[in-house]
Amino acid sequence: MKHQTDTRETVIAVKGLCKSFGSHRVLDHFDLTLQRGESLVVLGRSGSGKSVLIKCIIGLIRPDHGKITVLDENVLTLDHKAMDKMRMKVGFLFQSNALYDSMTVRENLEFPLRRHAFRMGQQEVDDLVMEALKNVGLEHTVDMMPVELSGGMRKRIALARTLILKPEIILYDEPTTGLDPITSREIINLINTIGEKYHTASIIITHDMKCVQLTAQRVAMLIDGRCYATGTYDALKNNPDEKINLFFQ
């Protein structure tokens, strides 16, 4: 069941975002807002610029024009130290999972805590690691290597690593891509459970219509580089506009 937003406080605002690669304009004055506690899906075709959008939001790609505000911070003016501080509050689940193959599950989860130089004892670190693994139902994998895990398990471990810093916002990049239907449903259920438990705001990038239907409180359609339409899944499904309707056939 999709969680409900707590307030109408805006936690991410994207205004007039433009990004080109050579002569190809991927984002063309794209606008978007995310409210606290909201689960928002950005829906678009493969290669439409969805991943570019969230990489701009987290500061991994610099846009050509526009403004991005995250938790009242202007992302495009942050220095390295301020960007790191902001990223502690914004979890990013990479499509590739981005686990370190040479580290155990425990070490992968400890890495964000070490990187941000938290001053805490080993017992506190251990407790946070086990809490994160419990959230994704994989406590037994704590001393395993990523190569020993299935694709779905690696996705869940990556999500546990994202959760360990207790972010206010989570950005999901194609969370169900490459997974079988049963595992995809498990990941979808986890996304909803985490949103309900921690009241996180989420942007979910996908072209998986089952993921859209089951996670989205609101859908933003990225078509021709712009935010072409927004609305609930049902409202957009029943929209007669041909560009929108193609996604729901």
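None of Leu76, Leu60 is under 20 Å from the mean Cα position of the chain (by Cα), assigned to a helix (DSSP H, G or I) and surrounded by fewer than 16 Cβ atoms within 10 Å (Cβ to Cβ) except Leu76. Would it be correct to say that Leu71 is in contact (Cβ under 8 Å) with a residue 40 or more places away in the chain, surrounded by fewer than 19 Cβ atoms within 10 Å (Cβ to Cβ) and out of contact with any Phe, Trp or Tyr (no Cβ under 9 Å at 6 or more places or on another chain)? So Leu71 fits the description; yes. Flag: Leu222 matches the condition of being crowded, with 21+ Cβ neighbours inside 10 Å, touching a residue at least 40 places away in the same chain (Cβ under 8 Å) and outside any helix (DSSP H, G or I). Considering the stretch 1-43, the residues that are modelled with pLDDT under 90 and under 17 Å from the mean Cα position of the chain (by Cα) include one that is surrounded by the most Cβ atoms within 10 Å (Cβ to Cβ), namely His3.
Answer yes or no as to whether Leu99 is modelled with pLDDT of 90 or more and either buried (at least 19 other Cβ atoms within 10 Å of the Cβ) or in contact with a Lys or Arg (Cβ under 8 Å, 6 or more places away or on another chain) (or both). No; evaluated as a whole, the condition is false for this residue.
If the condition is being part of a helix (DSSP H, G or I) and in contact with a His (Cβ under 8 Å, 6 or more places away or on another chain), then the stretch 182-213 contributes Asn192, Gly195, Glu196.
Taken across the stretch 171-179, residues that are over 14 Å from the mean Cα position of the chain (by Cα) and either modelled with pLDDT of 90 or more or within 29 Å of Leu133 (Cα to Cα) (or both) do occur, with at least one present.
The values are calculated or read from the model by the stated rules, or taken from the named source; none is laboratory data. Remember, it's a predicted structure, so these values are computed and weren't measured experimentally. Note: ideal-geometry Cβ built from the backbone for every residue, glycine included; neighbour counts use all protein chains shown.
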